[in-house]
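So the structure is just underneath, and the comments pick up after that.
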Amino acid sequence: MLLIHCPYCDDTLPEPEFAYAGEAHIARPADPMALSDEEWKNFLFIRSNPRGTHYERWRHIHGCGRFFNAIRDTVSDKFVMTYRAGEPRPNLDALKEAAE
Amino acid sequence: MTAHPRSLAQPPVTVEVLPPAARFSLRLRAEARPVAETALALPLPDRIGRRSVGATRQAICLGPDEWWIDAPAAEADAIRSALDGLVPHALVEITDREITFQIDGPGALDLLAIGIARDLSRLEVGRGARTVFDGVQAVLVREAEHRFTLSVWRSFAPHVGELLEQGAREIALGL
Amino acid sequence: MTQAFRIPGAGRVNHAKAVRFTFDGKIIEGREGDTVASALLANGVHLLGRSFKYHRPRGIVSAGSEEPNALVGTSRGPGRFEPNTRATMQEVWDGLTVESQNKWPSLAFDVGAINDRLYMLFSAGFYYKTFMWPRSFWDKVYEPFIRRAAGLGKSPTEPDPDHYTSRNLHCDVLVVGGGPAGLAAALAAGRSGAQTVLVDEHAELGGTLLSEPGVRIDGQGAWGWLETTLAELRALPNVRLMSRTTAIGYYHQNMVGLCQKLTDHLATPPEGAPRERLWRVRAGQVVLAQGAIEKPLVFDGNDRPGVMLAGAAQTFFQRFGVKVGTRAVVVTSHDSAWHTAFDLAQAGVKVAAIVDIRPQVSAELTARAKALGIEVLASHTVTSTTGRLRVASVHVNRVRNGHVDPWRSIDCDALLMCGGWTPSLHLFSHTKGSLAWDAQAGAFLPDRKTEECHIAGAGRGLWGIAAALEDGARAGAAAAKALGRAAGVGSFAVEGDRTGDGVVVKELPTDRDPGKAKAFIDFQNDVTAKDIRLAVREGMRSIEHVKRYTTNGMATDQGKLSNINGLMVAADALGKPAPEVGLTTFRPPYTPTTFGALAGLRRGRHFEVTRKTPIDAWAEAQGAVFEPVSLWRRAWYFPKAGEDMHAAVARECRAVRTSVGLFDASTLGKIEVMGPDAATFLERMYTNPWAKLQPGRCRYGLLLGEDGFIRDDGVIGRLAVDKFHVTTTTGGAARVLNMMEDYLQTEWPDLNVWLTSTTEQWAVVAVQGPNARKVLEPLVEGLDLSDAAFPHMAVAECTVAGFPARLFRVSFTGELGFEVNVPARHGRALWEAIWAAGQAHGITPYGTETMHVLRAEKGFILVGQDTDGTVTPGDAGLDWAIGKQKPDFVGKRSLQRPDIVAKGRKQLVGLLTEDPSVVLEEGAQIVADPNQPLPMTMIGHVTSSYWSEALGRSIAMALIEGGRDRQGETLHIPMPGRTLRAKVTGTAFVDPEGQRLKV
């Protein structure tokens, strides 16, 4: 059972209150009908699935109800940080520098 | 391990179902809050988990744009139309959706710990949160040091209630 | 002769309190505080069971949870039988029933011991080799033979009458292990004010201190110091002490699972007491003070009853007041066993000799041994033991320059071995913490950590009580400081500490043919040193392969004694240093854990939530049969006396088609969509158009995923310009709400609309049938129910039977129908009011089966039954539900994907069997040509199939490739023994024009 920091509740809470919601920063195209089949396929199905740092979405589904974003290491299963939906993708290198 | 004194007259924790009052879910944006507060004659706390208590009504903030309003049943009609035409909002009655248990006694924290993974010692008196009790979504409010209310959807109440009763018996044994 | 081996006044057992239990039917007397092992040893019983493969006689090896051999069956009354209980951990109580395992007909004479003579058949990889040929023998001969001959204990067959519980616990510092290091850590953390939990798997806290009463700490004897320390810890309100509590697993972010045994040590547990409690502990800091486990030595005959670890003998003497024999020999590669020999000698045990592998031993030790009349045999080895059911003598040989001299025999009834100590780092390994070989300690020690934890004492290679105390205090203080607390590191004045060192060995040198030596490494799985060497010879290079090929370390003890010796032998065989070969991974649980503890409260009725509607109790009282639908239980059908399901469903169907039926639809998902942008939001979510739907009207809504496949459907009513009452399928309620929230929060956060689940706010009663209006009309106030005023697909707020209601005119049956929503608390009363009002019309309650039949007769789909996540609106014949003018909605773009517009997709069609009495099986596969060669090309499958009472024949729906172009074709459904024929039709079997709704 992981502990996850909800950026809306500003509290670190047990995993059963949360639900995973797939990769982050994949916005629905404003006009899907204008996309080629290839572009639409990429939006629908293609995900990065990295070994290591992963930008992903979670929902504090049994808490405040909000979707938010997280950076998690898929090897260690450790969260680097969480941030609110709609905020830009954090610069990981800058974060690491700040930590050092 | 801390043992609870075994006494039939005063069990370490009791569980009861509270009679229904009126309960509403209120949703609106931050900018609409002042108007709603005036119309409802009740402050709407701006931090998740905080609660405001008025003369007869209470509001607890459960999400960034979500409050529960609890009031006596007699005020339900007034609340239902209080915000009509004022600000964009959703006000939905959920009185019948919820069953509320009261958990009372020095064993209350231990009892809730059978189903809730949160560290409840950190929950201050007068605050609350939506959380999970044994896989069931619930809203927990700490009314006093050893007194909590736990609200779950109606159809989950028998499951939760039976577990609470079983846990209360276990805690009374002091093992 | 009772308790002949008990030393009066010695140990920590209560000599004034006798406890009687049975072992294989024989009454054994022990003392309060005994374990089964110590009580049996006190009575001179060493033979406790037969081994897994060879059925060799086996005794007690250890005094702790690492015990590989002394596994017994314990019984605490009917249904309360537990196999493989470690005799070294089970406390005795009056009436406990203990039995030995793996023996037939008796423990002393066991037929299966023939396996021991056939050991060449059972060598490494024997499963893979011996029994592979002939293949046909596997099922009938080999497997049954192996199953009967091998294995440990027998599984209980009755349901477990006990109950179990679980609890979450949060603390600042969790200390695992209640020995000197753990106690000192708990003291340091506890004194700092940190919320501290100290757990130990034994009945008593104290660890090594219980076996070392001669040590003095701060001017007190070890036991006195322990008492003082426990008193201080108990007095601290922020400290919780838990004995009989095993830390079974160490998970992410300092979550540790504990299994606490609550009643297994009690003769009469309190009424209703749970047997075990599983704790999920979340700790800010963890201190692992689990000590070290003594290593056996590997030599021929090292598994004979009476051969045990020296430290175990020490514990049985000091803690339990039991002599493990009258004439002992010690064989060791480490100083610690010398001290055991000295203690036993002083207790009156004749120690015949100390055999030390090392050429050089400290002069102090040898002098002490000689003073006690113990023969010292340095630079010696043990090459065999004798004795049938108990060791009788040991063969010792001098070793000179690698050459083993001829043996001489020394008589003994106990052979105490010590190959040094292995730090217990199992929990640390659970966290993927890495280990590094420490040449000086001769052990793997903790290296890189992944969690907020501290390892103290023998766990990191520090031997002796002074070192453990000091290191424990350091770790406890470090844990407290890491949490921002001021913590002092106490110091301890220790006298009489008996530290020492030793050497690491593989198999002991021998003068015999090593291929014939039965030198056991894994006692529980009967793996010998020869097996490991054979595995390497046969090509296993990785320690993980050696482990799996030989099963070394794969028994219930997870190799607590065997892994390190297995590694040493494997490394030697591979010609590599031990650290290069490495250890296998330890995984939770640390010791075997009951399923009961893991299930906790989730058993029986609480295995899973069963959701019930407000009307459920009425249905139950009427004798309804229920079926599970997601977490709900729903009334399936309402049989009358003498009716089977078919008859009941036929009667219910007739009632709805001819008069009126009553149905509990409360489980339908309901979402209140409210706000100025409600219609815009629904326009984007659902395929259908909503903007022009007038308040007071309803529409069927179809929800797709972004991939264009059907996700859900339901009727949506517009109550006001800014308020919609959305219904979903019963199983889809939570999923649909989550999907809507996702789009609303992350794609369209600008929309002023909010979603509230009202599934359980409303109880829903469906009244369906030509007489529905007649039944309902008298109960409704504030609404004209006539067809003109309240037509099909109308919705209104009104009063029904005196309750505030949302009334829908909808039909999932094809008949005139209404769905009455009232606040849930009134659901039962509403139902009964309609029930009473309908009596004149023979109103009939119907269940989900009838609902399914009636909707299938109309060709209405059930999402999840007629669709499977790959069905588009076009496939399901629901193109009419798509708003053609809408620029976008969820899934719209995907409806133009090449594979969605391609020809030959599976389409939903009707099927009528040639034989009208045959009801097809749902899921049955469909082929075009029944005479084609196997494997046939399947072109579709049956999704829904029922007996239609209205048509007096069977009906079915099916997803079939190019189905709509096959109208009128006859297809084939091959079933066991026969092939059925059916004609492809449209899906609306009854009233395709919908005339029956216009009344």
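The values are calculated or read from the model by the stated rules, or taken from the named source; none is laboratory data. Predicted model only: the values in this text are computed from it and were never measured. Methodologically, a virtual Cβ is constructed for each residue, glycine included, from the backbone with ideal geometry; neighbour enumeration extends over all protein chains shown.
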Review point. How do the pairs read when you match residues in the range B:22-34 that are more than 10 Å from chain C (Cβ to nearest Cβ) with residues anywhere that are crowded, with 19+ Cβ neighbours inside 10 Å and part of a helix (DSSP H, G or I), using Cβ under 7 Å and keeping only pairs 6 or more apart or on different chains?
Key: B:22/B:79
Check your understanding: Does the range C:88-98 contain at least one residue that is over 22 Å from residue C:17 (Cβ atoms) and buried (at least 23 other Cβ atoms within 10 Å of the Cβ)?
Key -> no
Check your understanding: Out of (1) touching a Gly at 6+ places or on another chain (Cβ under 7 Å); (2) surrounded by fewer than 21 Cβ atoms within 10 Å (Cβ to Cβ), what's the single condition that is false for residue C:25?
Key -> (1)
Review point. Given the conditions (1) touching a residue at least 40 places away in the same chain (Cβ under 8 Å); (2) surrounded by 14 or more Cβ atoms within 10 Å (Cβ to Cβ), and given that residue A:14 satisfies all but one, which numbered condition is not satisfied?
Key: (1)
Review point. Within the range C:600-615, can you find the residues that are modelled with pLDDT of 95 or more and more than 9 Å from every other protein chain (Cβ to nearest Cβ)?
Key: C:615
Check your understanding: Considering only the range C:230-268, how many residues are basic (Lys, Arg) and either part of a helix (DSSP H, G or I) or at the interface with another protein chain (Cβ under 10 Å from one of its Cβ atoms) (or both)?
Key -> 2
Exercise for review: Within the range A:53-100, track down each residue that is at the interface with another protein chain (Cβ under 9 Å from one of its Cβ atoms), part of a loop (DSSP other than H, G, I, E, B) and closer than 24 Å to residue B:46 by Cβ.
Suggested key: A:60, A:61, A:62, A:63, A:64, A:65, A:66, A:85, A:86
Practice item. For the range C:702-729, enumerate the residues that are within 14 Å of chain B (Cβ to nearest Cβ) and either buried (at least 21 other Cβ atoms within 10 Å of the Cβ) or within 23 Å of residue A:32 (Cα to Cα) (or both). Key: C:724, C:725, C:726
Check your understanding: So which of C:511, C:557, C:531 is surrounded by 18 or more Cβ atoms within 10 Å (Cβ to Cβ) and in contact with a Ser or Thr (Cβ under 7 Å, 6 or more places away or on another chain)?
Key -> C:531
Check your understanding: Given B:129, B:82, which one is in contact (Cβ under 8 Å) with a residue 12 or more places away in the chain and not assigned by TED's automatic domain parsing to the domain that holds residue B:150?
Key -> B:82
Check your understanding: Counting just the residues of the range B:37-62 that are among the β-branched types (Val, Ile, Thr) and within 13 Å of another protein chain (Cβ to nearest Cβ), which one comes out farthest from the chain's Cα centre (by Cα)?
Key -> B:48
Exercise for review: Kindly indicate whether any position in the range C:935-945 is closer than 17 Å to residue C:871 by Cβ and either of a type in the set (Asp, Glu) or touching a residue at least 40 places away in the same chain (Cβ under 8 Å) (or both).
Suggested key: yes
Check your understanding: Does residue C:682 satisfy being in a loop (DSSP other than H, G, I, E, B), within 30 Å of residue C:789 (Cα to Cα) and assigned by TED's automatic domain parsing to the domain that holds residue C:727?
Key -> no
Review point. Can we say residue B:95 is touching a Lys or Arg at 6+ places or on another chain (Cβ under 6 Å), under 27 Å from residue C:754 (Cβ atoms) and touching a residue at least 60 places away in the same chain (Cβ under 8 Å)?
Key: yes
Review point. Do we find that residue C:273 is under 22 Å from residue C:169 (Cβ atoms) and at the interface with chain B (Cβ under 10 Å from one of its Cβ atoms) in this structure?
Key: yes
Check your understanding: If the Cβ limit is 7 Å and pairs must be 6+ apart or interchain, which residue in the range C:667-683 that is at positive phi pairs with which residue that is β-branched (Val, Ile, Thr)?
Key -> C:675/C:753
Review point. Would you say residue C:737 is touching a residue at least 60 places away in the same chain (Cβ under 8 Å), in contact with a Phe, Trp or Tyr (Cβ under 7 Å, 6 or more places away or on another chain), buried (at least 20 other Cβ atoms within 10 Å of the Cβ) and assigned to a helix (DSSP H, G or I)?
Key: no
**Study point:** Condition check for residue C:761: touching a Phe, Trp or Tyr at 6+ places or on another chain (Cβ under 7 Å), assigned by TED's automatic domain parsing to the domain that holds residue C:711 and among the polar types (S, T, N, Q)
**Key:** no
Point to revise | Out of C:421, C:437, sole residue that is more than 14 Å from every other protein chain (Cβ to nearest Cβ), closer than 27 Å to residue C:353 by Cβ and among the aromatic types (Phe, Trp, Tyr) | key: C:421
Point to revise | Members of the range C:670-692 found to be over 11 Å from residue C:883 (Cβ atoms) and either of a type in the set (Phe, Trp, Tyr) or away from chain B (no Cβ under 14 Å) (or both), listed by number | key: C:681, C:685
Practice item. Evaluate the range C:332-343: report whether one residue or more is assigned to a strand (DSSP E or B) and within 30 Å of residue C:33 (Cβ to Cβ). Key: yes
Review point. Looking at residue C:909, is it in a strand (DSSP E or B), touching a helix residue (DSSP H, G or I) at 6+ places or on another chain (Cβ under 9 Å) and away from chain A (no Cβ under 14 Å)?
Key: yes
Practice item. Assess whether residue B:20 counts as being more than 27 Å from residue C:674 (Cβ to Cβ), under 23 Å from the mean Cα position of the chain (by Cα), modelled with pLDDT under 95 and not basic (Lys, Arg). Key: no
Practice item. Consider residue C:816 carefully, then state whether it is modelled with pLDDT of 95 or more, within 15 Å of residue C:775 (Cα to Cα) and within 14 Å of chain B (Cβ to nearest Cβ). Key: no
Review point. What's the number of the condition residue C:370 fails, among (1) assigned to a strand (DSSP E or B); (2) of a type outside the set (A, V, I, L, M, F, W, C); (3) not assigned by TED's automatic domain parsing to the domain that holds residue C:325?
Key: (1)
Review point. Counting only residues that are among the aliphatic types (A, V, I, L, M), surrounded by fewer than 17 Cβ atoms within 10 Å (Cβ to Cβ) and closer than 22 Å to residue C:10 by Cα, which one in the range C:338-377 is farthest from the chain's Cα centre (by Cα)?
Key: C:372
Review point. Which residues, taken from the range C:959-995, are surrounded by 18 or more Cβ atoms within 10 Å (Cβ to Cβ) and farther than 23 Å from residue C:868 by Cα?
Key: C:980, C:990
Practice item. Could you check the range A:1-52 for strands (runs of 3 or more DSSP E) lying wholly inside it with 1 or more residues that are modelled with pLDDT of 95 or more, within 9 Å of chain C (Cβ to nearest Cβ) and in contact with a Pro (Cβ under 8 Å, 6 or more places away or on another chain)? Key: A:3-6
